[in-house]
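The values are calculated or read from the model by the stated rules, or taken from the named source; none is laboratory data. Remember, predicted model here, so these are calculated numbers, not experimental data. Cβ sites come from the backbone with ideal geometry, for glycine too, and all protein chains shown count toward neighbours. Accessible surface areas use protein heavy atoms only, side chains included; no ligands, DNA or RNA. Shrake-Rupley method; radii C 1.70, N 1.55, O 1.52, S 1.80 Å.
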Amino acid sequence: LDPDSFHWRHDGKGFYCRRAFASDSTDDYVSISHLWYFDLKSESLRPVTTFWGRGLGMGRWHVAGDGVLVTLADGSKNRTAYIRHTRKGFSRSFVESPSGLRIRALAAMPGGKRVVYMIADASTVPRVMTAELRSGRLKAERELIEMGAGLEKRILVRSEIVNWTGARGDTVEGILYYPHGYREGRSYPLMVDLHGGPSGADLDFFSERWSNYPHLLGGRGLAVLKVNYHGSGNFGLEWIESIKNRYYEYEIPDILTGVDMLVEKGIAHPDSLGIMGWSNGSILAIAACLETDRFKVLCAGAGDVNWISDYGNCAFGAAFDNAYFGGPPWE
């Protein structure tokens, strides 16, 4: 067993923990996670979230009352669920904000009757909310902390989840940000913005930071496409493991077919294409520019071009290369 992130039940009768799950039990560098519960009296370990095939989402979980508030992986979306702990086992109910926006849980009171969370989507500045948690439902939602007022005065562009056919004929999902003042029928410059990992994921939740800034670019007249290429997290074990020993092979077609889709729809201008990314996103952006001369702009940060150097110098170089390439460079 290789558990981590322990959280005790409030009555002290046991604790929850996260466990990695991979098809190769000897190497879980590329894996998804499930939540488990260890009962002190019976000294037994029971699965809590294995009913959800994609595993835990990108977020924390919180002990609340007689259960636990968890984030479940659901592609470009996270789903929040309340899992009640009973003598017979666990029962699940999905938790949704009355606003209809995505939820990102932050904290829960020891008794579990009140929770604190953020609500947002990719085009909405997050708001910190609180509500009563009753039978897995949020009641009497109200804003707890007013923040982001300065951002709300900035240009925030419209976004939506999009999908297209990528490598292997699989459906690829991403987030499209429309340029400010978008008019249907007119083509715009496009910036492809790639996440790192590769097991990271771009979610339908506000993200404007030093390494990616879709609203800043959108406000200046660019369309922005974020791509959850093969190997991304939040899409289940098969998707995240699909690029093992096939690194570059699926991700690059996923990216290029996404560009093709937007060009065909008339949203992206074929002569005004750029690509950017950080870490693994930078690696793929560089590789895409070696694959095609379509991109006029490359913005690459902390991206590899020398895998032998990476293996010997990067803190996780050996683990990364062994997992995705099948061994060290000399093999």
| request: Go through segment 261-288 and count every residue that is touching a residue at least 12 places away in the same chain (Cβ under 8 Å), in a helix (DSSP H, G or I) and surrounded by fewer than 15 Cβ atoms within 10 Å (Cβ to Cβ). | output: 0
| message | Checking the conditions here, which among 245, 234 is under 25 Å from residue 80 (Cα atoms) and polar (S, T, N, Q)? | response | 234
| request: Could you tell me whether residue 156 is in a loop (DSSP other than H, G, I, E, B) and either surrounded by fewer than 19 Cβ atoms within 10 Å (Cβ to Cβ) or in contact (Cβ under 8 Å) with a residue 24 or more places away in the chain (or both)? | output: yes
| Members of segment 92-110 found to be surrounded by fewer than 13 Cβ atoms within 10 Å (Cβ to Cβ), out of contact with any Ser or Thr (no Cβ under 8 Å at 6 or more places or on another chain) and either in a strand (DSSP E or B) or free of Cβ contacts under 8 Å to residues at least 60 places away in the same chain (or both), listed by number | 100
| field | In segment 191-213, the residues that are surrounded by 19 or more Cβ atoms within 10 Å (Cβ to Cβ) and either touching a His at 6+ places or on another chain (Cβ under 7 Å) or free of Cβ contacts under 8 Å to residues at least 60 places away in the same chain (or both) | value | 201, 202
| Exactly one of (1) of a type outside the set (Val, Ile, Thr); (2) more than 28 Å from residue 220 (Cα to Cα); (3) crowded, with 18+ Cβ neighbours inside 10 Å is unmet by residue 316. Its number? | (3)
| said: Going residue by residue through segment 69-88, is there one that turns out to be small (Gly, Ala, Ser), open to solvent by less than 30 Å² (accessible area, probe 1.4 Å) and over 23 Å from residue 161 (Cβ atoms)? | reply: no
| query | Taking segment 202-232 on its own, how many of its residues are part of a loop (DSSP other than H, G, I, E, B), within 13 Å of residue 277 (Cβ to Cβ) and at pLDDT 95 or above? | reply | 4
| Hey, among 89, 75, which residue is touching a residue at least 60 places away in the same chain (Cβ under 8 Å) and farther than 15 Å from residue 3 by Cα? | 75
